[in-house]
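S.K.: The structure's right below; bear with me while I get my questions together.
The values are calculated or read from the model by the stated rules, or taken from the named source; none is laboratory data. A quick note: this is a predicted structure, and the numbers were derived from the prediction, not measured. As a convention, Cβ positions derive from the backbone with ideal geometry for all residues, glycine included, and neighbour counts pool all protein chains shown. Surface areas here come from the heavy atoms of the whole protein model, side chains and all, with no ligands, DNA or RNA. Shrake-Rupley method; radii C 1.70, N 1.55, O 1.52, S 1.80 Å.
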Amino acid sequence: MCGIVGRVGDDEAVERVVAGLENLEYRGYDSAGLALQNGAGLEVRKSTGKVQELKDQLTVESADGNVGIGHTRWSTHGAPTEENAHPHTNETGDIAVVHNGIVENHSSLRRRLEREGVEFTSDTDTEVIPHLVDHYYDGVDPKWAFTRAVRELEGSYAVAAMFDGEDAVFAARQGSPLVLGIDEDQYFLASDVSAFLEYTDEVVYLEDGDVATVRPEIVTVTTVEGRPVDRSVESVDWNPEEVNKGAYDHYMLKEIESQPYSLTNSIESHLTDAGDAIDVDVFDPATIAGFEEVQFVACGTSYHAGLYAANVLNEAGIRARAFRASEYQVAADPVSEETLVVAVTQSGETADTLGAMRTASSAGAHVLTVTNVAGSTAVRTADESLFIHAGPEIGVAATKTFSSQAVTLSLLAQHLAEYMESGTPHPELDAVLDGVRSLPGDLQRVVDSESASMLANYYLDSDAFFFIGRGLGYSVAQEAALKFKEITYEHAEGFASGELKHGPLAMVTPRTPVFAIFTGSHDEKTLMNAKEAQTRGADVVAVAPDGHPAIDETDAHLPLPETHPMWAGLLANVQLQLLSYHAANELGRSIDKPRNLAKSVTVE
Ligand code: F6R
């Protein structure tokens, strides 16, 4: 959570810092701020709320400078007020700092600094940093003062600092992401590449313990002890168009509608060039043959993708379970060297998931991460990585990344089934592969249909929204409910359809539509359960292909193209993403930045 950005060059920085903050706003939007260095003192501007508030302030009270740092906040320590907004400064205002992460020893540092006479002006953990840097700064060597201060910080941080009169940004990371962008005549620092992708795709992923000194003409990277380190420059294969909203009102709709494209990338990355076989390059066959079980650890939407994949593996005869990463650390299932733990994380930075990965690793399991972000902490923590290639996702609600995760994981599952002793390769593998190759076209038909928008309007005044399914349909029901509550703020629940009669049926009334997901497996039972709700007065919406027998027996229909049962849930999920989107839009919700949430959850 929180996004930080820095820009160093010879010309004006303010627009690029603000643009970077807008692109990182998905990481938090409680407040925003920036500091600029122009040779005549540091200029600091802050505002509560979204980056737009900061932009409005800059039109009234402009600021300029060729070197800048900025911050967009998701509050942890201290309320979302202007005092608590970053950048934070020392008492004289000539050192400014932005920070993402948590300084765990901030209380003791604060007490020490207060004893020295420092007066704090905010409730944040971050404010100790500029005062501590000031404590060590002799007016001559800013890099030494910064590094000396950083060495005293405990916890996680990506931190960037500027000094009055110094054409440089100093930055360090430990446990929070920080990437350097290298353009012809300027450098960027940011929590994530989307901050500067429109300028450059050449990046250096900084590692824990790195300290970067970024000047207009040169960047150096050292350890906190000052030893030089060599970090390689990599190219990012994300399309800069994807970080712009284009003609859309919301990133979420753009990202839903771009799935035929993003999914094509995911699918092509995991099939052979001819598209007739799976090509997933993780662990050698002998290592896979030694696996006896698979555990998925993940949070939120990524957990639902893990649930989907566990189901696919179970169908292939492999022992597999999905765990919520936060609970995994409390009560992990026993693991051994024969356990493969798959951490599913779009961002690669989710603290709960990283914690679960460490738990599994230290217990001896093999750890694989399935992620969207190269250079992320998950990639560095895992033994091996598999990328979903979905491109950048800016809307806080995950949409295209769920589809890419579920497809990547399902193909991985087939790959594991081929080599694990307990696995049985899918008896209709050719049909599965035909289905996956057709998915982008099928998805296009889903996004072109208008049924979800009509049903969203029709049911808008309902008291609650229930989603039910079996097997793969159950993971989709849970995901659909999460998406619905996340962006509409309405009550929504996802249930295993057979579970409805064991309690939740008590909540069903004529004012609670039930969306029943038909994937082509176990559909008779799902229909029976849906009808139990219908008998109690609820409208049942069949999320099913045209011509499905459930359509005649239910009240409304969200159509799906015909496909293999392995993929039908994904098509249903996209229809239900559209349902959530249109309902939230009608209700006037903050769709791309739902209240209280942030996309990258880097606290436990
Ligand atoms: C919901 C959503 C979240 C994330 C969760 C895990 O739409 O986006 O539930 O799925 O915070 O995030 P990652 O996948 O980055 O680990």
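S.K.: Could you go through the range 53-61 and let me know if any residue there is open to solvent by less than 50 Å² (accessible area, probe 1.4 Å) and under 24 Å from VAL601 (Cβ atoms).
M.R.: Yes, some residue in the range 53-61 is open to solvent by less than 50 Å² (accessible area, probe 1.4 Å) and under 24 Å from VAL601 (Cβ atoms).
Listed here are the residues, each with its yes/no results for (1) more than 21 Å from PRO334 (Cα to Cα); (2) surrounded by fewer than 23 Cβ atoms within 10 Å (Cβ to Cβ); (3) of a type outside the set (Asp, Glu); (4) within 16 Å of the ligand (Cβ to nearest atom).
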| residue | (1), (2), (3), (4) |
| --- | --- |
| ASN372 | yes, no, yes, yes |
| ASP383 | no, yes, no, no |
| PHE387 | yes, yes, yes, yes |
| VAL396 | yes, no, yes, yes |
| LYS400 | yes, no, yes, yes |
| VAL407 | yes, no, yes, yes |
| GLU421 | no, yes, no, no |
| LEU439 | yes, no, yes, no |
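Per-residue answers, yes or no, for (1) within 16 Å of the ligand (Cβ to nearest atom); (2) within 25 Å of the chain's Cα centre (by Cα); (3) farther than 26 Å from ALA390 by Cα; (4) not assigned by TED's automatic domain parsing to the domain that holds ASP167:
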{"residue": "TYR205", "(1), (2), (3), (4)": "no, yes, no, no"}
{"residue": "THR213", "(1), (2), (3), (4)": "no, no, yes, no"}
{"residue": "THR220", "(1), (2), (3), (4)": "no, no, yes, no"}
{"residue": "GLU225", "(1), (2), (3), (4)": "no, no, yes, no"}
{"residue": "THR264", "(1), (2), (3), (4)": "no, yes, no, yes"}
{"residue": "PRO285", "(1), (2), (3), (4)": "no, no, yes, yes"}
{"residue": "GLU292", "(1), (2), (3), (4)": "no, no, yes, yes"}
{"residue": "CYS299", "(1), (2), (3), (4)": "yes, yes, no, yes"}
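S.K.: Something else now. Can you find even one residue in the range 521-534 that is surrounded by fewer than 20 Cβ atoms within 10 Å (Cβ to Cβ), under 30 Å from ALA190 (Cα atoms) and either more than 21 Å from the chain's Cα centre (by Cα) or not basic (Lys, Arg) (or both)?
M.R.: Within the range 521-534, not a single residue is surrounded by fewer than 20 Cβ atoms within 10 Å (Cβ to Cβ), under 30 Å from ALA190 (Cα atoms) and either more than 21 Å from the chain's Cα centre (by Cα) or not basic (Lys, Arg) (or both).
S.K.: Has the range 319-331 got at least one residue that is of a type in the set (S, T, N, Q) and more than 16 Å from ALA413 (Cβ to Cβ)?
M.R.: yes
S.K.: Return the only residue of LEU197, LEU189, LEU253, LEU178 being within 15 Å of PRO392 (Cβ to Cβ), touching a residue at least 40 places away in the same chain (Cβ under 8 Å) and among the hydrophobic types (A, V, I, L, M, F, W, C).
M.R.: LEU197
S.K.: For the range 315-328, how many residues meet the condition of being open to solvent by 10 Å² or more (accessible area, probe 1.4 Å), within 16 Å of the ligand (Cβ to nearest atom) and in contact with a strand residue (DSSP E or B) (Cβ under 9 Å, 6 or more places away or on another chain)?
M.R.: The qualifying residues number 3.
S.K.: Let me ask something else. Taking the options VAL342, VAL312, VAL367, VAL373, name whichever one is part of a helix (DSSP H, G or I) and either more than 17 Å from the chain's Cα centre (by Cα) or of a type outside the set (Ser, Thr, Tyr) (or both).
M.R.: Exactly one of VAL342, VAL312, VAL367, VAL373 is part of a helix (DSSP H, G or I) and either more than 17 Å from the chain's Cα centre (by Cα) or of a type outside the set (Ser, Thr, Tyr) (or both), namely VAL312.
S.K.: Do you know which residues across the range 158-206 are charged (D, E, K, R) and closer than 17 Å to GLY68 by Cβ?
M.R.: Result: ASP164, GLU166, ASP167, ASP183, ASP185, GLU198.
S.K.: Further question: From (1) under 27 Å from LYS50 (Cβ atoms); (2) part of a strand (DSSP E or B), pick out the condition that doesn't hold for SER75.
M.R.: Just one mismatch for SER75, condition (2).
S.K.: Of all residues in the range 505-520, how many are open to solvent by 20 Å² or more (accessible area, probe 1.4 Å) and farther than 16 Å from LEU571 by Cα?
M.R.: Of the residues in the range 505-520, 6 are open to solvent by 20 Å² or more (accessible area, probe 1.4 Å) and farther than 16 Å from LEU571 by Cα.
S.K.: Please go through the range 1-39 and give me each residue that is touching a residue at least 40 places away in the same chain (Cβ under 8 Å), surrounded by fewer than 24 Cβ atoms within 10 Å (Cβ to Cβ) and part of a loop (DSSP other than H, G, I, E, B), ordered by number.
M.R.: ASP10, ASP11, GLU12, ASP30, GLY39
S.K.: A further question follows. Name every residue in the range 40-61 that is of a type outside the set (A, V, I, L, M) and part of a helix (DSSP H, G or I), in order of residue number.
M.R.: GLN52, GLU53, LYS55, ASP56, GLN57, THR59
S.K.: Step by step: first the residues of the range 332-352, then only those that are of a type in the set (D, E, K, R) and away from the ligand (no atom under 16 Å from the Cβ), then the one that is most open to solvent (accessible area, probe 1.4 Å). Which residue is that?
M.R.: Among those residues, the one meeting the criterion is GLU337.
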